Amino acid sequence: VMYRSGTGTRRDFEKALQYLKAAADPTGDKSGSRGDPEAMYELAVMYESGQSGGIDYSEARYWYQKAANIIDHADAYIHLGKLYEEGRGGEVSYEDALQCYKKAAMQGRITGKYNQGRMLEHFLSPENATQAVALL
């Protein structure tokens, strides 16, 4: 993470990617079973932002999902919801996006609550408008 941010050293995305991959997937089998969830999240951020050498939404989606599943990572849920909502790295899924935002909202994240309300209001059904207003 220090190489990614340039904190205490010069910014080096290649080294950051190398170390984050090793921490997120120490077995090299992409199972993430023994990996560090925070490294998984940071790796996903690199793939989503293009700091990995190019934008790869599919990889970002994969690693956000791993981080979210392992430690119920609120930020991972928010980013993952956005990828589902916009169809980046896979099919559009408003239902999956809503579930991600809802999980982040349940952890008290304002962004999760806002996005959950926005999804209910605009993308799902008019019947959800009352619930959306309560969240927004």
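What's the local net charge at G89, with K and R +1, D and E -1, over the other residues with C-beta under 14 Å away?
It works out to a net charge of -3.
Counting each DSSP H run of 4 or more residues in the chain as -39500 (n - 2.57), what helix-only mean residue ellipticity at 222 nm follows after dividing by all residues, to the nearest 500 deg cm²/dmol?
Rounded to the nearest 500, it is -19500 deg cm²/dmol.
Dividing the convex hull volume of the Cα atoms of the chain by its residue count, what figure in Å³ per residue is obtained?
Dividing the Cα hull volume of the chain by its residues yields 104 Å³.
With a point put 7 Å past each Cα toward its Cβ, work out how far H122 is from R10 in nm, to one decimal.
4.2 nm
Let me check I've understood the local charge: for A16, count other residues with C-beta under 12 angstrom from its C-beta, Lys and Arg +1, Asp and Glu -1. What total comes out?
+2
Go through S31, S5, Y77 and say which Cα lies farthest out towards the positive end of the charge dipole of the stretch 1-80; charges sit on Cβ, +1 for Lys and Arg, -1 for Asp and Glu.
The Cα lying farthest towards the positive end belongs to S5.
Given the chain, what count of lysine pairs have C-alpha atoms under 18 Å apart, with each pair 8 or more places apart or on different chains?
11
Bear in mind that the values in this text are calculations on the coordinates, not laboratory data. Here the structure is a predicted model, which means the values were calculated and not measured. We place every Cβ from the backbone using ideal geometry, glycine too, and count neighbours over all the protein chains shown.
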